[in-house]
Structures are given as C-alpha cells and as structure tokens.
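Down below is the structure, laid out as structure tokens.
Laboratory data are not the source of any read-out in this text; all were calculated from the coordinates shown. Computed from a predicted model, the values in this text were never measured in an experiment. Positions of Cβ are generated from backbone atoms using ideal geometry, with glycine treated the same way; all protein chains shown enter the neighbour counts.
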C-alpha cells in the first residue's frame, strides 16, 4: 500500500519538531534551515501551516531535470534526488509549482522530501498529529469522518 | 425545606455542567443531612479519573478522604481536572 | 555536542564584535543559560555598578539543550544587573530566538558599553555587525520587527526588540522576541535601551548537534512521552493555558485583589481561561483562537487571541497597528491577574488589549499592572489626585483608566513615565512606600502570601525580587505536584522552597522551559543533558548546580546591598489579615519560615552565605 503525508493545519502549533526531525534525518544536524518540510506561521490569522512536497505523479521537477537526477522510488512513490547525478543547476526548483524543491548551498545539490524511504520522521516527531502518514488512497479519511459525524442521525 | 449547596465545574469538567449554567460555572445542588462528596460525584456522573482538585469552600479535599466528607447547607464545592500554570 | 563553545562579545562603546571561546570550565560548575551567565556577570560587572550605566553588561545566553529536539528546547535568558531591583536580573524567554542564536553558532551574545547612537545588531552565522537604528528608534517592537524583515529581505529572520518604553527608561521594559514572547521581568529591556540597542536580528544556518545521538533520541523521546501522558502538560496547558489557574486561585481565596487588600476577586471568572473560550456577542468568536508552541515545545501553552472588534479599545481605532484588529499573543494568567484582578477590572477585552500593548512596546505586564493597582489605591485614598495623573480618574475597576495608563507607560510619557519607575519608586515618591507590593523593588505576582504561605517565603528570598518563577511552590501547595502540602501551613515550607528554588535554577540553566517541571523532575532532565553534551550529568549533580547558582546569585546581591536586608514582605502581608476564604484572619508567617530557611540553606542566622557553604559549593 502506498502512503502519503497528510497535513491538518488546524492541529499544528508551530513548534518545529518536524523541521528538526527532517533536518536531522537529511543532514545529521538539528537545523530548521535544512528542513524539507516548513511550517508557515500566519500570525494575524492565528494559524500554522505545515507544507512540503506532495510527490506529484507527473512531477514537474523530475521531468525538468536535464540529468535525470530525480527518480521515482517505486515502493514509496517518492521522487528522490540522486546526489551523485545532481549538478545543482536548480531547474527543478524553477519547475516545481509549489516551491518544495530547494537548493542547498552547502552541498551544491537540491533537496526535497523523499518520505525518508517510507517512514517519514516529521510525522513521527509531530506531537499533535498535524502531520500523519496514511494510505495514499484515503488521505481524506479523517476529514470525511468528521463530516460523517455531523450527518449522524440523532438517537 | 430542602437544603442546597453550590457545585462549580471548571476547565474540561465544564462539559458536565447542566445546560443553563455554562457562564457561571456553578449550579445549585440539593442535599440532605447525609449527602457526601462521593455520592455527589456519582450522582452527577462526574468522571473520577479526571477529577484532580476538589475545593470545599476553598479548602482542598484529600483524594483519600473526600468521598466520605458530608456536605452542609451553603457549601461551595469546586472541581477541576489536573491543571497548572505560572 | 550541543555547545557551540563560542561567545560573541559586542562592545558598543568601541563598536566591535569579537568572538571568544566559551568558558567551558564554568559550564562544569554552572551549566549554561541562567547559571553560566550569572557567573560571567559576577566576574565582569562589579555588584555596585549603576545598572543603567555603560559599565553594566547584558548577557543573552542559551542553554546546552537549546536548539535541539528536546521538548521546549528553544529557551534563552537575559542576565544583567537590574535597574528595577539593583539585584541580579535573569529573564527567560521562549519563541524562536534562542534556537536561532545557537544555529548561528553562538552560545552567548554579550552586550557591553554603550553605543553613542541608536543601533541594532545584525548576526548572520559568523558575520556580526553593528548597524544604525535611526529609522526604528522611536518605533514599536512590531514596527521595528517588520522593518528589519524588510530591510534584510529575509522572512526567516528572528528578532529580539525593545519598545519605546525601553528607550525611554521605563524600569520594567521587556525584550520581545518573535512579536510576543518576552524576556519579561526585572527591566532587562531597560538595560538594552540604556545601551542604545534597539534590536538583535539573527539568522543561523549551522544547526546544532549532540554528543551521543542514539542516547539523545532515546532520552528525549521518553521525556516527551512523559509530557504527553501527563494530564497537566498533555491536556490542561494546551487547552486553557496558564489562565486555567484564575478560577482555582480565586476559589481558594489566594487571588490578590485591589493591590493586595483582598484575596478574592468577584470578577475572576469573567477574565479566566474558561471565559477566553466563550463566544462573544459581536462576532460569535471566542477570545482564544488557538494554542501555539514555542520552538520544540510539545506542550504548547501559548495563547493566540483576538480583541472583540466592538470593544472600545479597538473600535474605530485606525491609529493602531493592524494586529490589534487580528490575532496576536493573548493573555497568560499573570498578566490577566495583574492587569485585571489586582486593578479590579473584569473586562477580558480590555486586558487583552493591554497585553497586546505590552507586547507591542515591550513591557512586563506584572510590574505594570501591580504599579497601576498601587496608584489606584493611592488615588482612592486621596494621596494622589487627577493633578498627578494628568486628569485620569484612576479608580479601581476603571478599564479606560488602566488602558490609558498602559498606553502612557508604553511610550514613557508624562504620568506614564512616572508609573514606569515601578511601584516601589512611585509609592516612595508619594510618601507611602508601604503601599508598594514589592520585594527588592520588584512587583508581586499573582499568589497571595497570606493564603499560600510558601510563596511568601519565595517572594521574600527570590534573588531577582518578588517572583513566582524562582520557586513555584504553588505546584505543591495548590495543585499537588509532586505532592500536596497545606497552603496555610508554614511548617516544612523552608525546605519545600529550597527544593523548588534549586531545581528551578537547574532547569533554567539547561535550555528548557520550567513548565516541563510539572511532569519532569531532574531525573528526566539529566539523561537528556548527558546525551547532548560531554561529561557525566546526573540528577544529583544538577541539584547541586542549582544550589550553587542560587548561592552565587545571593552573594552578588549581598555585595550589591540587596541581600538579607531585603528579605522582607510589605507590612500589609505581615499585619493585614486575609479578608475571606480559608486563609481568613491569616497573615504571612514569614517570621517563622525565614530563620528555618536560612538554617536549611546553610546560611548564618542573619541570612548571609557562610564560608562553609561557600566552600562546600566551590564558590
């Protein structure tokens, strides 16, 4: 079964545990600057929104890469960067409509979410279940259940 | 003439308030000479595993002895879940 | 390991930014943050220094866990000599500034001397610059924060800023980071202002590593589980924040009211955490929008609130910053008590507005509310009149008057600058020092010492002046954490205070939030530290470090002239009995507790740290 990251912004408190988990998994250091997932605080609205790569099926980044350094992981569905091939041209960062592929100046390569090989650290680190890892075919399950509860006939 | 006390519920215990008393936290509760705190808790179906602080007229009631405490006319009995701040 | 071992020393007189190694020997004795910076202060700033002179130094410092994935590990402290108390000041803040400092590669930033002109400090990893602040001097924290983000074209910049109050010498000015997190108490913002420094804008990209990652993840994961499963840190604080205390403290008759004349407030439930959840008539929204977390915090007690758009404080006010008409950092219990209960005001929106002003202009709402309350009492007694107040009818319960005073203190003008000197100086000036509810010149927090006896001892002995965050025995006396003690009893409170004070000093030096201590003991902190840094870190060693820090602070205060002679409560606490509730008829038993406290501390009967105690602690 393929799995997807599911994000519920209403549950996010903006603590950045996910960003630290991500940077540690990717770079071996607690460093939100090197995280593939970002939390965006919308101060005046009073909400925090986690955002990361959604692993597009027809991934713009993958098609745009001139050296085929972005490949599909058939098990997880993630589009992964092959560091040995990446030349740091950044075309993928332009091609991605969502901005979720970014250049890492320290390594000279791009970085993006790779679902940690199928066991994403961000979801494990999130203390409020704002980020979960669920059946890719049923990412709407919780939301649907919430509305179903409203439709429950009175006893 | 029946005697009564005031019961007050706070924080997450407010869901157990009678419908018409959400603003003040408190409501009247009828007692007789033998009504205990333990009886009241069960009568109001208050969740024992959630109740942590019980104040009778502002005085903390020990978890071990509170159930046997007999209530008297005019008492104020407040319930809280575990809370803290600073 | 999670020390960067680097200090950035900024000499504002000379205009230099110089890196130097962190004194690692001292970290063995004092850990980081509160303890370590206090050691630097005692070595570098003579105790008799005028706090507002260039000779005072300000230390912004992280703890060893700051910037790591340990829960709540985003803390930093500001240590300096306080202009409010003349004692050691140490104010602790969350938000996202401390971790950014660590990510930029600095354990500590030292500000010494005084800049000839207004400046701000820009730090981007190794690069540190002193830059002109002419365009933001005179602006609010929120305006300056926006300007800095625009100027550096960096939305991820983290800024710690003072408001106009701090520029103007209000003695309880705070340093605000991330718009509404505060190093709040003892006037640390005033010291920053006295150095002509408006802001520190940080960006770090280096990250933080730990000594033993495997052990670190094991320890932090286990510790997070404890927080999640604890009813207070896992449910109570996220849902209602610290404001959940308002009704508890009031119902037990420990809620100081009308400048501590009374111990319960009739309007308490209207300004409580529960009230913040009630939908209001105007727009159907509750005061509270949601909870929010500081960096790495898995508790997330922070409040994000709005003011009722139809409230007089904001209605038709185009002059206000847009955040007054939107979400911003809302009320904590201390602020709601000081601005509300102590002043007799039960208007939740007026308090939220005043809280926003405190955030926008960098003020400690505890000292502000307490000072206004003292002024209100003097106004009602006819000691001061509208001639003194600039026409403000300063009666208890008058929300408009409280707001007017808050706005004036925020910009340090007229009557506001007078109130901005703090309750001790204000009451002294008007000939009634006994009406000031202060210890060492710092205003009381929200727990009545007649009704919660241990807190009276805590206020009297607190090294930074009256404070609830040095030894929060409320946890035991009211909430039953870790064990329940009788709040009206004085027996055993000396030992209880000492245990809380020592443990708190250790928590405050580690880079984590003291609220974790509702669920964690030093037994839970030690393994996290032990994995993060080199050396053997045991609970016993942390306890000893806590005691060492407490004594170091005390020795500094003794030399500054605010030692044992200042271990006293205002006469009202000692002679005016509590008017209602379980404590009715009681005064503070400080006279009984204090000698026990001195003895158990290993101090002389006069309250001085003895040579034996110094030797035992290696001081």
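Across all Cα atoms of region A:53-112, the radius of gyration (one decimal) and Dmax (whole number) stand at 10.4, 29 Å. In this simple spin-label approximation, residue A:149 and residue B:46 carry label points 7 Å from Cα along the Cα→Cβ vector, and these lie 2.6 nm apart.
Determine the shielding of peptide A:17-29 by partner chains: average, over its residues, the number of Cβ atoms on other chains within 10 angstrom of each Cβ.
Working: counts 8, 0, 3, 10, 2, 0, 3, 9, 0, 0, 2, 3, 7.
Mean shielding count: 4.
Computed over region C:133-250, relative contact order equals 19 percent, with contacts defined as Cα pairs under 8 Å that lie 6+ residues apart. Classified by the C-alpha gyration tensor, region C:523-619 has an oblate form. Its axis ratio a/c, with a ≥ b ≥ c, is 1.5 or above, and a/b does not exceed b/c. Note on residue A:106 and residue B:59: the model spin-label points, each 7 Å out from Cα along the C-beta direction, lie 6.2 nm apart. Each peptide in C:366-373, C:547-554 receives the mean, over its residues, of other Cβ atoms within 10 Å, and ordering these scores from highest gives C:366-373, C:547-554. For chain C, the relative contact order works out to 16 percent when only alpha carbon pairs closer than 8 Å and six or more residues apart are counted. Adding -39500 (n - 2.57) for every DSSP H run of four residues or longer, then dividing by how many residues chain C holds, sets the calculated 222 nm ellipticity at -10500 deg cm²/dmol.
Based on the Kirkwood radius over alpha-carbon pairs, what value in µm²/s does the Stokes-Einstein equation return for the translational diffusion coefficient of region C:165-242 at 4 °C and 1.567 mPa s? Please report the intermediate quantities before stating the final value.
Values: Rh = 16.1 Å.
Taking Rh from Cα pairs, D becomes 80 µm²/s.
Working from label points 7 Å from Cα in the Cα-to-Cβ sense, the residue C:611 to residue C:325 distance is 7.0 nm. Of interest is the spacing of the C-alpha centroids, which for region A:82-155 and region C:72-104 amounts to 35 Å.
In square nanometres, what is one fourth of the surface area of the convex hull spanned by the alpha carbons of region A:1-104? The partial results should precede the final answer.
Numbers: hull surface 30.4 nm².
Taking the Cα atoms of region A:1-104, their convex hull projects to 7.6 nm² on average.
Cβ-Cβ distance of residue C:591 and residue C:540, R₀ of 30 Å, FRET efficiency by 1/(1 + (r/R0)^6): the value works out to about 0.35. In percent, rounded to a whole number, the relative contact order of chain B is 41, using alpha-carbon pairs under 8 Å and six or more apart.
Residue ranges C:445-457, C:487-499, C:200-212, A:47-59 sort as C:445-457, C:200-212, C:487-499, A:47-59 when ordered by packing (mean number of other C-beta atoms within 10 Å per residue, highest first). Taking the helices alone, chain A has a mean residue ellipticity at 222 nm of -6000 deg cm²/dmol, built from -39,500 (n - 2.57) per DSSP H run of at least 4 residues and averaged over all its residues. If you average the alpha carbon positions of region C:529-556 and of region C:1-56, how far apart do those two centres end up, in angstrom? What the calculation gives is 18 Å, centre to centre.
Nearest 0.05, what FRET efficiency do residue C:20 and residue C:214 give at R0 = 51 Å with Cβ-Cβ as r? With R0 = 51 Å, the Cβ-Cβ based efficiency is 0.95. In plain terms, if you count all Cα to Cα distances in the protein assembly as shown and split them into 20 Å steps from zero, the share in each step is 15, 49, 31, 5, 0 percent. Peptide C:329-335 has a mean shielding of 1, counted as Cβ atoms of other protein chains within 10 Å of each residue's Cβ. In terms of its C-alpha gyration tensor, region C:6-203 comes out rounded, because the ratio a/c of the largest to the smallest axis stays below 1.5. For the peptide C:290-303, the mean number of other protein chain Cβ atoms found within 10 angstrom of a residue's Cβ is 6. Size check on region C:224-357: the Cα extents along the three principal axes, sorted descending, read 47, 37, 24 Å.
Quick one: C:261, C:404, fewest Cβ neighbours within 10 Å first, how do they rank?
C:261, C:404
For region B:3-80, a/c is not less than 1.5, where a ≥ b ≥ c are the root eigenvalues of the C-alpha gyration tensor, and a/b does not top b/c. That puts it in the oblate class.
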